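> After the structure tokens below, expect a handful of questions from me.
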Amino acid sequence: MELAWDARLYRHLRAHLSYTYLHARYRDSFCSGPCSDNNPQVPAGNLIPGIARNTATASLAWEPEQGWNGGVDVDYLGKVYVNDQNSESAPSAVVTGLHTGYTWKRDHWTVNAFARVDNVFNARYAGSVIINDANKRYYEPAPGRNWTAGMTVSYRF
């Protein structure tokens, strides 16, 4: 199930909210190879690893055609199981980003200078997971606070 809402609240102020619920589970029990103490049966109903059941995004941005712009976005990723047995998981995480920029328009030219900071609060979380890793090294860390800056120049005929 997915829900989304996007609206212009006031002049150039835009808000966006989205939420996804995904209940991905195994229908049938199985073993990946012969069942044994080292390879136990995966019970029906276990959640499929690598998929968060809940994700959400919220953003608020000031977006005029010219001049200063900026905004904030917050992303939520729910707990993610990392193996078929659902015995280990990466915990849920909330990550915040900030962005700003300035846009100039003159005749056929547009110049957009921008800067962005992601993971503003330097949250420690798993950026990705390795499903069913034999060495139980399931977790790959996400980058800490990081930034991007740049400029685009375009000409319209």
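The values are calculated or read from the model by the stated rules, or taken from the named source; none is laboratory data. Since this is a predicted model, take the numbers as computed values, not measurements. We place every Cβ from the backbone using ideal geometry, glycine too, and count neighbours over all the protein chains shown.
> If you go through the stretch 5-15 one residue at a time, do you hit one that is under 22 Å from Asp133 (Cα atoms) and surrounded by fewer than 10 Cβ atoms within 10 Å (Cβ to Cβ)?
Checking the stretch 5-15: not a single residue is under 22 Å from Asp133 (Cα atoms) and surrounded by fewer than 10 Cβ atoms within 10 Å (Cβ to Cβ).
> Which condition from (1) surrounded by 15 or more Cβ atoms within 10 Å (Cβ to Cβ); (2) closer than 21 Å to Asn46 by Cβ; (3) hydroxyl-bearing (Ser, Thr, Tyr) is the one that Ser87 breaks?
(1)
> Can you tell me which residues in the stretch 109-135 are in contact (Cβ under 8 Å) with a residue 40 or more places away in the chain, assigned to a strand (DSSP E or B) and not aliphatic (A, V, I, L, M)?
Within the stretch 109-135, Trp109, Thr110, Asn112 qualify.
> Okay, moving on. Those residues that are in contact with a strand residue (DSSP E or B) (Cβ under 6 Å, 6 or more places away or on another chain) and outside any loop (DSSP other than H, G, I, E, B), I need them from the stretch 55-68; list them, please.
Passing the criteria: Thr55, Ala56, Thr57, Ala58, Ser59, Leu60, Ala61, Trp62, Trp68.
Every residue, every condition in (1) modelled with pLDDT of 95 or more; (2) aliphatic (A, V, I, L, M); (3) farther than 30 Å from Gly33 by Cβ, yes or no:
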residue	(1), (2), (3)
Thr96	yes, no, yes
Thr100	yes, no, yes
Asp107	no, no, yes
Val111	yes, yes, yes
Val117	yes, yes, yes
Arg124	yes, no, yes
Ile130	yes, yes, no
Glu140	yes, no, no
Gly150	yes, no, yes
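> Under 8 Å between Cβ atoms, at least 6 apart or on separate chains: pull out the pairs that start in the stretch 136-157 with a residue that is farther than 29 Å from Asp84 by Cα and end on any residue that is acidic (Asp, Glu) and part of a strand (DSSP E or B).
Arg145/Asp118; Asn146/Asp118; Trp147/Asp118; Thr148/Asp118
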